[in-house]
Amino acid sequence: MMTNMKSQNKRPKGQNPAKTLKRLMGIILKNYTPHCIVVLLCIFGSAFVSVKGTLFMQTLIDDYILPLTSQSNPDFRPLGMAIMKLALFFIAGALMTYTYNRIMVNVSQGTMKKIRIDVFTHMESLPIKYFDTHAHGDIMSIYTNDIDTLRQMISQSIPQLVNSAATIVSVLISMIILNIPLTILTLIMVAIMVFTTGKVAGKAGSYFMKQQKSIGELNGFIEEMMEGQKVVKVFCHEEESIKDFNKLNEQLFDSANNANAFANILMPINVNLGNLSYVACAILGSILAISGVTSLTLGALASFLQLNKSFSHPISQVSQQLNSIIMALAGAERVFSLLDEKPEVDNGYVTLVNAIEDEEGNVKECEEHTGIWAWKHPHGDGTVTLTKLLGDVTFNDVDFGYNEEKTILHNIKLYAEPGQKVAFVGSTGAGKTTITNLINRFYDIQDGKIKYDGININKIKKADLRRSLGIVLQDTHLFTGTVADNIRYGKLDASDEEVISAAKLANADGFIKRLPQGYDTVLTGDGANLSQGQRQLLAIARAAIADPPVLILDEATS
């Protein structure tokens, strides 16, 4: 279908994951540096407490439990005090873990809010061409699926990864202090785990990127089918639509299945390697303790085995979190690809201002709305020229193509005098709508000039150019809200009286009053509860309420 074809191969190639992560961390640190410092302190504190508690086990066994076995009347009070001390260690660790998890929830939600704002703000600055070449559902997928994967990574994966790294370092130091031979054996097993993780994670990364892309394409197809459901039913293409959906769904299944096949195998492999490391250390440790080759006590062996678990578990956890991070970075690349799209270029410096005209025809700028408009044209020498807006539009040898390599309009010449009604008549695809899009600079021409009141429109700021034009587009779009709100969209601060007046001007007042709640009737689904003619009348009323100097109707029946 068109949406699927339109969305393919339009996104830039994937960025370097390291650069993507660095960019994401830059956003987090820019807004939450104090929070991140507190989180790091809590993570390191939690790791220290955990290792300290494990090492205390040696003291507990060698200095408290074993001596009690040789006493005829054992005193358990020192042991009780030691256990209470150990409990305080773990309580402190639990509090620090809770603190950093709670902070990271706020950081992740705040970062997601910031990214959503940045993405939407940047999207509003993109040229119309971007939306012509990207499926709307694919763009929606960025706001939903891709950004949500970042939330999980920021709130869970990154903190756990840092916590695992802190635990690994502190545990390694402790193991070296306790027994070097057992530490070497543990490191050999860990090297095997790291090698396995690297190989599998590399394979999973490419599939996770394909998965995120497939989700976007599937969402784009669904969005297109929802909007075009009437067309589908008119041509009885339900079966074809289902086939196209199944094809995209199968594509998503394959990429997701491959990604998770590699991702899900990491955890069991590393868990089993960790258990094998534990058993190997227990056997070697028992031999060393019994033989007396080293000063390895029962308590030291018990502590080391616990440290071995503490060492292999975070490595297994790292492999698990790497899957979430890889998938999130795939989503982040799509988010940043949108943010890296070039915004609409506007080098205009001529602005539209309210004006007054004296008896001699001289125009002066004023603050209040007078119904008279003028172009304010600053010059390099500091002087300013005011040109009264008349609505004079000329095309001089204009060439244009939606694709720069293929020109569809050649040497177009036309002239619309002020106050004159000009109609463009031609077959479908002759370029009538295209000319409208060129006047308001939805697209820029390749050659020639378009002048508005004698001013090259490239010199006019786009916002002011479009503010001077009231346009009723060929495809009428209505927003979810009341009828009055849709008319008021042309002038957000318009009063109810102005709304009604604009509706009467567009001959829409009659049918609006017959609606269930009149002007307060809520429109949904792009005004699906209205006829095409009624929707167009509302679009005309929306343009009329803005009171534009020039009105363009991109529809013959308007």
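Just so you know, all these numbers are worked out from the coordinates, no wet-lab data involved. Being a predicted model, the structure only gives us computed values, none of them experimental. We place every Cβ from the backbone using ideal geometry, glycine too, and count neighbours over all the protein chains shown.
Cross-link reach is defined here as a Cα-Cα straight distance under 17 Å, omitting same-chain residues fewer than 8 places apart; for K243 the aspartates and glutamates meeting it are E217, E223, E224, D254.
Full extension of the chain segment joining Q109 with E238 gains 42.4 nm, where the gain is 0.36 nm per residue of separation less the Cα-Cα distance. Compared with the dominant principal axis of the Cα atoms in the chain, helix 298-339 is inclined by about 10°. In summary, the lysines within cross-link reach of K364, defined as a Cα separation below 18 angstrom excluding same-chain residues under 8 places away, comprise K376, K388. A simple count of charges around Q212, restricted to other residues whose Cβ falls under 9 Å of its Cβ and scoring Lys, Arg +1 and Asp, Glu -1, yields +1.
If you take the Cα centroid of region 452-485 and the Cα centroid of region 163-185, the two points sit 67 Å apart.
In degrees between 0 and 90, to the nearest 10, how far off the longest principal axis of the chain does helix 77-124 point, with axes built from Cα atoms? Between the helix axis and the principal axis of the chain, the angle is about 20 degrees.
Taking label points 7 Å from Cα along the Cα-to-Cβ direction, T297 and F245 give a separation of 7.0 nm. Of the cross-linked pairs K342/K462; K210/K342; K210/K406; K22/K113, those separated by over 22 Å at the C-alpha level are K210/K342; K210/K406. The fewest-to-most ranking of L29, L21 by surrounding Cβ atoms within 10 Å reads L29, L21. Per-residue 3J(HN,Hα) values for region 254-259, derived from phi via the Karplus relation 6.51 cos²θ - 1.76 cosθ + 1.60 with θ = phi - 60°, read 4, 5, 5, 5, 5, 4 Hz in sequence order (x marks Gly and Pro). Over region 153-291, the alpha carbon radius of gyration divided by the compact-protein estimate 2.2 N^0.38 Å works out to 1.72. The calculated FRET efficiency for I408 paired with H136, based on their beta-carbon distance and R0 = 22 Å, is about 0.35.
Cross-link partners for K513 among the lysines, with Cα-Cα distance under 17 Å and sequence neighbours closer than 8 places in the same chain left out: K504. Think of region 342-413 as a dipole: +1 on every Lys or Arg Cβ, -1 on every Asp or Glu Cβ, centred on the Cα centre; then among V353, V384, Y402, Y402 lies furthest on the positive end. Summed over all non-identical Cα pairs, the Kirkwood treatment of region 356-430 gives a radius of 16.1 Å. Going from the residue with the fewest nearby Cβ atoms within 10 Å to the one with the most, R23, R441 rank R23, R441. Rounded to the nearest 20 debye, the dipole size of the chain about its Cα centre is 2160 debye, using +1 on the Cβ of Lys and Arg and -1 on the Cβ of Asp and Glu. Fewest neighbouring Cβ atoms within 10 Å first, the residues E217, E238, E359, E498 line up as E359, E238, E498, E217. Computed from backbone phi with θ = phi - 60° and the Karplus coefficients 6.51, -1.76 and 1.60, the 3J(HN,Hα) list for region 152-162 is 5, 5, 6, 7, 10, 5, 5, x, 5, 5, 5 Hz; x is used for glycine and proline.
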